[in-house]
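Reviewing the structure listed below.
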Amino acid sequence: MTAPIPSLTRALMFAAQKHTDQRRKGERAEPYVNHLIDVVDTLARHTDGADVDLLMAGALHDTIEDTETKYEELKREFGENVADIVRECTDDKSLPKAERKRLQAENAPHKSERARMVKIADKTSNLRSILDSPPPDWDNARKLEYFDWSKSVVDGCRGINAGLEREFDDLHKKGTAKFTPKVA
Ligand code: ZN
């Protein structure tokens with residue numbers, strides 16, 4: 001077995017190269033890799049870094065969905081276990097966006113424990129991004145809608161890691177308070 005740290009750094013390097021030309025949607029247009037490192041960091045903090053396949057899948061979670069990467073390539077490079085987790089976290093891009101979003105929430109409870117943890121860390125990172133560097137063309141209603149949809153996905157992933165869920169819930173609460181219209 002390859003040592004855990006070189007396995008993880010190799011997955012991060014692979015993901016960084018695959019996403020090189022992509023930026024995040026926020027006002028600062030952060031490099032995409034910031035999001036991937038945030039997901040790995042979030043998973044590592046809540047698991048003490050004990051499961052390197054989980055962290056590698058965190059680094060690679062958007063490669064099939066958002067780059068030209070194929071499942072077979074991930075399997076060859078990082079093994080079947082990591083490739084399977086990434087595939088579980090991948091939407092079917094042949095479907096319309098609204099349908100993909102609906103299916104994410106509907107399918108979440110049927111995913112493996114590791115895929116559900118990656119999903120929670122992904123949504124946690126996305127909420128953090130919207131709070132720290134909001135997409136300039138999103139009004140509060142759209143931010144709220146995203147926060148609530150994310151919660152519906154996370155609700156289907158619960159029961160594995162309380163600390164990870166709590167981090168998501170704290171951000172969800174913060175954003176909901178911030179973006180909900182104030183009643184006079
Ligand atoms: Zn992601």
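If the Kirkwood radius is taken over C-alpha pairs of segment 130-184, then at 4 °C and 1.567 mPa s the Stokes-Einstein diffusion coefficient equals 107 µm²/s.
Under 5 Å between amide hydrogens, built in the peptide plane, is the criterion, and for Gln22 it picks out Tyr32 among residues at least 5 positions away or on other chains.
Can you tell me how much longer the chain between Ile5 and Asp139 gets when fully stretched, taken as 0.36 nm per residue apart minus their C-alpha distance, in nm with one decimal?
Full extension from Ile5 to Asp139 adds 44.2 nm.
Taken over the alpha carbons of the chain as equal point scatterers, the Debye sum produces base-10 log I(q)/I(0) values at 0.12, 0.19 Å⁻¹ of -0.55, -1.42. Placing +1 on the Cβ of every Lys and Arg and -1 on the Cβ of every Asp and Glu, with no other charges, gives the chain a dipole of roughly 520 debye about its Cα centre.
Between Arg45 and Ala29, the contour length at 0.36 nm per residue exceeds the Cα-Cα span by 3.2 nm. Here the Karplus curve 6.51 cos²θ - 1.76 cosθ + 1.60, taken at θ = phi - 60°, turns the phi angles of segment 11-17 into couplings of 5, 5, 5, 4, 5, 4, 5 Hz, with x standing for Gly and Pro. Among the lysines, select those whose C-alpha is under 24 Å from the C-alpha of Lys93, and discard any that sit fewer than 8 residues away in the same chain. List returned: Lys18, Lys25, Lys70, Lys75, Lys101, Lys111, Lys119, Lys123, Lys143, Lys151. Taking 0.36 nm per residue of sequence separation and removing the Cα-Cα distance, the Asp91/Lys75 pair yields an extension gain of 4.0 nm.
With the charge dipole of the chain set up from +1 on Lys and Arg Cβ and -1 on Asp and Glu Cβ about the Cα centre, the Cα lying farthest toward the positive end among the listed residues Phe78, Ile160, Phe14 is that of Ile160.
Could you report the chain's accessible area per residue, 1.4 Å probe, as an integer in Å²?
Solvent-accessible surface per residue comes out at 52 Å².
Quick one: grab the alpha carbon gyration tensor of segment 3-71, order the square roots of its eigenvalues as a ≥ b ≥ c, and give me rounded if a/c is under 1.5, else prolate or oblate depending on whether a/b is larger than b/c. In terms of gyration-tensor shape, oblate. With R₀ fixed at 25 Å, the C-beta to C-beta distance from Arg166 to Ser112 puts the FRET efficiency at about 0.70.
Classify segment 33-73: rounded, prolate or oblate, from the alpha-carbon gyration tensor (a ≥ b ≥ c, eigenvalue square roots; a/c under 1.5 rounded; otherwise prolate if a/b is larger than b/c)? Oblate, since a/c reaches 1.5 and b/c is not below a/b. Comparing Met56, Met117, Met13 in a Gaussian network model of the chain, where Cα atoms under 10 Å apart are tied by springs, the biggest mean-square fluctuation is seen for Met13. Restriction of the trypsin sites (Lys or Arg not before Pro) in segment 80-133 to DSSP coil positions whose beta-carbon has at most 13 other beta-carbons within 10 angstrom yields Lys93. Pairs of Cα atoms nearer than 8 Å and 6+ residues apart set the relative contact order; for segment 4-179 it is 23 percent.
The values are calculated or read from the model by the stated rules, or taken from the named source; none is laboratory data. If you're wondering where the values come from, they're calculated on a predicted model, not measured in any experiment. Cβ: placed from backbone, ideal geometry, glycine included. Neighbour counts: every protein chain shown. Calculation scope for accessible area: heavy atoms of the full protein, side chains included, ligands and nucleic acids excluded. Shrake-Rupley method; radii C 1.70, N 1.55, O 1.52, S 1.80 Å.
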